[in-house]
Amino acid sequence: MDKRQLGKGGPEVSAIAFGAWPIGGGLGNVPEQQGIAAVEAALETGMTFIDTAEGYQSSETVVGKAIAGRREEVFLATKLSGSDHSAAHTASAFENSLRALGTDYIDLYQIHSPSPAWPIDETMENMLALQMTGKVRYIGVSNFSPEQTAEAMQYGTIHSSQPRYNLMWRDLEDDVLPYCLQNGIGVIPHSVLSKGVLGGKHKPGHRFAQDDERRLFNFFRGDVFEQAYAVAQSLDEWARDNGRDIVQLAIAWVLANPAVSSALVGAKSPGQVHHNAKAADWRLTPADLQEIETLMGGFRMPWVKDDE
């Protein structure tokens, strides 16, 4: 699999990154051995960039078991989750992540989301303290606006940004992506398949299991989802006319953006991993991108959870 540079002066990472949120149980229970097999399949395909987080239920533990004895093959990323960015919690969370992952260092340690409760200078001070020990190689942010990223950069180097970005959610094309490109920050988009809207599997009326977080997303219900599903069907038909499908199209579309270093794509099984990996060599042309825009018809999907 092709590799790309993560940020200015950063490391080379696989063009597609394995998103480990699903194997932690975010989309419903995944048997541990199946999760381990999915990570192993990622490494087999050259998808050596693996991203997880403290807050992804059992994800770090599953990843740790999967990469045991193969740590040197992996560019490993995890995150400081939650709103407590105090020095004590940061140190404790980091050590917990190391234990769960079975490693003594993290390649990319990310702030999962901005926390209004903690000044960014304190948060960055704690992140930099970990980097000074040699246990963290690079620092990244996730779900940060350009203004929040600029503020963090006043206190240390930020190599990556992990925003929500895909064919359906495009707001950050006007600010986050241009800012990162201009400032040498590698973008690692998450939710590339828009939580499964671009997965080609779920039809209007689908009911998610109680342990699947998508039951909280109201864009999977009502008129919005019916519109999104219709657009997704058109995109899938176009992709199949080109010998692919909507999943691979969603990944290739994100990778076509010059700001993107690696597309972060979740998977729950080896089969899904191998299928996703095939998108890495699909180069969409300017003409392709224009046809896709025409099929989209200007449609954009709102991001709302029932608890927001």
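Restricting the first member to the stretch 63-75 and to residues that are acidic (Asp, Glu), and the second to residues that are at pLDDT 95 or above and in a helix (DSSP H, G or I), the beta-carbon pairs closer than 6 Å and six or more apart or on different chains are 73/43. Screening residue 302 on (1) outside any helix (DSSP H, G or I); (2) out of contact with any Ser or Thr (no Cβ under 8 Å at 6 or more places or on another chain); (3) open to solvent by less than 50 Å² (accessible area, probe 1.4 Å) shows it passes everything except condition (3). When the stretch 5-32 is limited to residues that are in contact (Cβ under 8 Å) with a residue 12 or more places away in the chain and open to solvent by 70 Å² or more (accessible area, probe 1.4 Å), the one that is farthest from residue 179 (Cα to Cα) turns out to be 32. Put simply, of 68, 41 the only residue that is open to solvent by less than 10 Å² (accessible area, probe 1.4 Å) and within 24 Å of residue 276 (Cβ to Cβ) is 41.
The requirement of being small (Gly, Ala, Ser), within 24 Å of residue 45 (Cα to Cα) and under 19 Å from the mean Cα position of the chain (by Cα) is fulfilled nowhere in the stretch 227-247; no residue meets it.
Any residue at all in the stretch 96-113 that's within 30 Å of residue 169 (Cα to Cα), of a type in the set (Asp, Glu) and within 22 Å of the chain's Cα centre (by Cα)? The answer is yes; a qualifying residue exists. Restricting attention to the stretch 200-221, the residues that are within 23 Å of residue 290 (Cα to Cα) and either open to solvent by less than 30 Å² (accessible area, probe 1.4 Å) or of a type in the set (D, E, K, R) (or both) add up to 0. Taking residue 109 as the residue in question, decide whether it is assigned to a strand (DSSP E or B), within 17 Å of residue 190 (Cβ to Cβ) and among the aromatic types (Phe, Trp, Tyr). Yes; evaluated as a whole, the condition is true for this residue.
Please tell me if residue 52 is in contact (Cβ under 8 Å) with a residue 40 or more places away in the chain, touching a Lys or Arg at 6+ places or on another chain (Cβ under 9 Å), buried (at least 18 other Cβ atoms within 10 Å of the Cβ) and among the hydroxyl-bearing types (Ser, Thr, Tyr). Yes, satisfied. Checking each residue in the stretch 71-84 for being in a loop (DSSP other than H, G, I, E, B) and either in contact with a Phe, Trp or Tyr (Cβ under 8 Å, 6 or more places away or on another chain) or open to solvent by less than 20 Å² (accessible area, probe 1.4 Å) (or both) picks out 74, 81, 83, 84.
Quick grid of which residues meet (1) closer than 16 Å to residue 263 by Cβ; (2) of a type in the set (D, E, K, R); (3) out of contact with any helix residue (DSSP H, G or I) (no Cβ under 8 Å at 6 or more places or on another chain); (4) assigned to a helix (DSSP H, G or I):
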residue: 91; (1), (2), (3), (4): no, no, no, yes
residue: 98; (1), (2), (3), (4): no, no, yes, yes
residue: 103; (1), (2), (3), (4): no, no, no, no
residue: 116; (1), (2), (3), (4): no, no, yes, no
residue: 123; (1), (2), (3), (4): no, no, no, yes
residue: 155; (1), (2), (3), (4): no, no, no, no
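If you go through the stretch 181-189 one residue at a time, do you hit one that is of a type outside the set (S, T, N, Q), open to solvent by less than 30 Å² (accessible area, probe 1.4 Å) and under 17 Å from residue 303 (Cβ atoms)? Yes, the stretch 181-189 has at least one match. Among the residues that make up the stretch 139-151, is at least one of them outside any helix (DSSP H, G or I) and more than 17 Å from the chain's Cα centre (by Cα)? No.
Of the residues 167, 172, 177, the single one that is under 30 Å from residue 296 (Cα atoms) and at pLDDT below 95 is 172.
Restricted to the stretch 250-275, and to residues there that are over 14 Å from the mean Cα position of the chain (by Cα) and closer than 13 Å to residue 186 by Cβ, the residue that is least open to solvent (accessible area, probe 1.4 Å) is 259.
The values are calculated or read from the model by the stated rules, or taken from the named source; none is laboratory data. Remember, it's a predicted structure, so these values are computed and weren't measured experimentally. With ideal geometry, Cβ positions are generated from the backbone for all residues, glycine too; neighbour counts draw on all protein chains shown. Surface areas here come from the heavy atoms of the whole protein model, side chains and all, with no ligands, DNA or RNA. Shrake-Rupley method; radii C 1.70, N 1.55, O 1.52, S 1.80 Å.
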